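Every number in this text was worked out from the coordinates using simple rules, so none of it is lab data. The structure presented is a predicted model; accordingly, all values stated were derived computationally and were not measured. Quick reminder, even Gly has a Cβ in these numbers, built from the backbone with ideal geometry, and neighbours come from all protein chains shown.
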Amino acid sequence: MSAATALRGNVLVSRVTPTVKMELGELAATFREERGYDAPYWELVDLTREALATVRPSLAPALTTEGA
C-alpha cells in the first residue's frame, strides 16, 4: 500500500465515516419517530445513500486526491 493510499484510508476513517454515521443516525431516528419501529436493513441502505448524498458536498475537501 502506498503512503497516499494509507492517508486516504486514514481520512475516510477519521473524517468521512463519523460524518456519514451522524447523518445516518439522525435519519434513522426520524424514521423511528415517524413509523414507530426501527428501520429494516433495506431501509437503512436507502437511508445511507440519502446520508451520503446529503454530506458529500461538505466532504469534498477530504475526498480530493491532490498529490496522489
Can you tell me the equivalent ellipsoid semi-axes for segment 17-57? Use √(5λ) from the Cα gyration tensor, largest first, whole Å.
18, 10, 8
Highest-fluctuation residue, Leu24, Leu52, Leu12 considered, GNM on the chain with Cα pairs under 10 Å
Leu12
Going fewest to most other Cβ atoms within 10 Å around each Cβ, Glu34, Glu26 line up as Glu34, Glu26
